[in-house]
Amino acid sequence: MAYDPRQPHDGLPALPPAVDVESKSVLKQCLAATRALAELKGAGRLIPDQSILINAIPLQEARLSSEIENIVTTQDELFRATLNESAVTDPATKEVLRYRTALKHGCRLLRHGPLSIDVIRDICRVLRDMPGLEFRSPAERVAIGNATTRHITYTPPSGGAGLIEKLRNLVAFLGDAGDIDPLVRMAISHYQFEAIHPFTDGNGRTGRILNILYLIQAELLDIPVLYLSRFIIRNKSVYYRRLRDVTENGDWESWLLYILAGVEETALWTSNRIHAVYELREKVIERCRNEIPKVYSRELIDLVFRQPYCKIGFIVDAGLAKRKTASVWLQELNRIGILTGEKIGREMIYKHPALLELLTA
Ligand SMILES: Nc1ncnc2c1ncn2[C@@H]1O[C@H](COP(=O)(O)OP(=O)(O)OP(=O)(O)O)[C@@H](O)[C@H]1O
Ligand SMILES: [Mg+2]
C-alpha cells in the first residue's frame, strides 16, 4: 500500500534500520564530527568554573531551540530574565528558561541512570511545565504540516500501547553498545524520536535535549554545551525535508550526513566560542589585578562570566560580600569599562558587553 502522510504511521520500522546505514561517506563525516566533538570536550575543560559554560551556552541553545517553535524572545529580555527568574511573566521568556531548566534536569537524571522512557517523559514535563504529562493516548492524534494551508506532511503513529512499544525499542537502541558508531546512533535515534512524536507538543525540543544527553551518556561530552539548535534553525526546511525523506524513501544517508555535518559545524563553532570566553576571562583577570587589585578576586570574575547580566544580589547570594561592598565592586568594574551599569526601575544592572558579544555573535 502506498504511503499516506495523512494516516498514522503505525508501521514505523523498529530500530536498528534494516539496512547497513554506515556508508563510506557517512563514516567519513562521522569521523570529522567525532574529532570536532573531542575538541569541544577539551575546550570545555579549559574553563575552571564550569558553571560559566553550563549557564551561558545552554541559555543561547535554549533561545534558539525555542525559536524553532516560534517562541521568540530578545537577548535583552532573556538576559534580564535571568536576573530574577521567578518574577518572569512573559510566556515566551518563561518557555525559553524552561528549556534550560529541562536540559539541566536531564543532566541530573543521567547521573542516576541511563536514558529511559521515564527520563524522556520527565524532560518534557519540565519543558512544558506539566507535572502530570503523559505520552499520547490513542485519542491524542497529532499531524505535522502547514498550519495555514492545512497540508499534512506526516502523521505520527497512534498513541497508546503501540507508541510505548516503539519508545522501548528506541531506548533499548540508545543503550545498546553494538557496533554502530555513537554519533550515527544519535542521529538515527533523533529521527526515530521525532517520527514517534510521543507527545502532543514539545517533541522537537525534547528531541534536541535528548541528543545532548545522549552525547553525555556516550561520554562524547562532559557537559551540555553543544549548540545544535543554531544549525537546525538555519537549515530548518532542509531538516524537515531530510526527516521526510527517511520516512518516505528510506533515505538514511542524506539524514545522517545532514546531522553529522551539523554536529561537526556546531561543535567547532561552540569550541571556538569557549576559547574566546577563556581568553576574555584571562584578559579581564589581568586587568583587574593591575587596575583594581583591592576589588579583584577569582570568584568575582567567575561570577561576572557566569551570566552576561549581573546584579548586586548575585554577589551577596554567592556569599562574596555584603550589599554595600558588592555595589562598590560593580561600580569599580564599571569604571574600568568591564561592565556597563544601567538603572532599570529601582535596581542597577550591570551588563558585560564583551561577554555578550561573544555569546551572541
Ligand atoms: N515530517 C516529519 N517527520 C517527523 N518529524 C518531524 C517532521 N517534521 C517535523 N518534525 C519534527 O517535529 C518537531 C516539531 O514538533 P513539536 O511541535 O511537537 O515540537 P516543539 O518542540 O513544540 O517544536 P519545534 O521543534 O518547532 O521547536 C520538529 O522540530 C521536528 O523535529
Ligand atoms: Mg510545538
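Suppose the filter is within 16 Å of ligand 2 (Cβ to nearest atom), outside any helix (DSSP H, G or I) and in contact (Cβ under 8 Å) with a residue 40 or more places away in the chain; does residue 224 pass it? When the stated conditions are applied, residue 224 does not pass them. Tally the residues that are surrounded by 19 or more Cβ atoms within 10 Å (Cβ to Cβ) and either of a type in the set (Gly, Ala, Ser) or outside the structural domain of residue 199 (by TED's automatic domain parsing) (or both), restricting the search to segment 93-130. Residues in segment 93-130 being surrounded by 19 or more Cβ atoms within 10 Å (Cβ to Cβ) and either of a type in the set (Gly, Ala, Ser) or outside the structural domain of residue 199 (by TED's automatic domain parsing) (or both): 2 in total. As a summary of the residue check, residue 190 satisfies the conditions (1) of a type outside the set (Ser, Thr, Tyr); (2) within 16 Å of ligand 2 (Cβ to nearest atom); (3) in contact (Cβ under 8 Å) with a residue 24 or more places away in the chain; (4) within 17 Å of residue 156 (Cβ to Cβ) except for the one numbered (2). Selection within segment 227-258: residues that are closer than 21 Å to residue 110 by Cβ and assigned to a helix (DSSP H, G or I). The member of this set that is nearest to ligand 2 (Cβ to nearest atom) is 229.
Among all positions in segment 318-329, there is at least one residue which is outside the structural domain of residue 50 (by TED's automatic domain parsing) and either within 27 Å of the chain's Cα centre (by Cα) or touching a residue at least 60 places away in the same chain (Cβ under 8 Å) (or both).
In this structure, does residue 75 turn out to be under 17 Å from the mean Cα position of the chain (by Cα), over 16 Å from residue 205 (Cα atoms), touching a residue at least 40 places away in the same chain (Cβ under 8 Å) and more than 16 Å from ligand 2 (Cβ to nearest atom)? Against the criterion (under 17 Å from the mean Cα position of the chain (by Cα), over 16 Å from residue 205 (Cα atoms), touching a residue at least 40 places away in the same chain (Cβ under 8 Å) and more than 16 Å from ligand 2 (Cβ to nearest atom)), residue 75 qualifies. Restricting attention to segment 298-313, the residues being without any contact (Cβ under 8 Å) to a residue 40 or more places away in the chain and surrounded by 16 or more Cβ atoms within 10 Å (Cβ to Cβ) number 4. Residues that are within 13 Å of ligand 1 (Cβ to nearest atom), at positive phi, out of contact with any Gly (no Cβ under 7 Å at 6 or more places or on another chain) and not charged (D, E, K, R) are absent from segment 219-231 altogether.
Checking each residue in segment 176-192 for being out of contact with any Ser or Thr (no Cβ under 8 Å at 6 or more places or on another chain) and modelled with pLDDT of 95 or more picks out 180, 182, 184, 185, 186, 187, 188, 189, 190, 191, 192.
The values are calculated or read from the model by the stated rules, or taken from the named source; none is laboratory data. Owing to the predicted nature of the structure, the values given are computational and were not obtained by experimental measurement. Cβ: placed from backbone, ideal geometry, glycine included. Neighbour counts: every protein chain shown.
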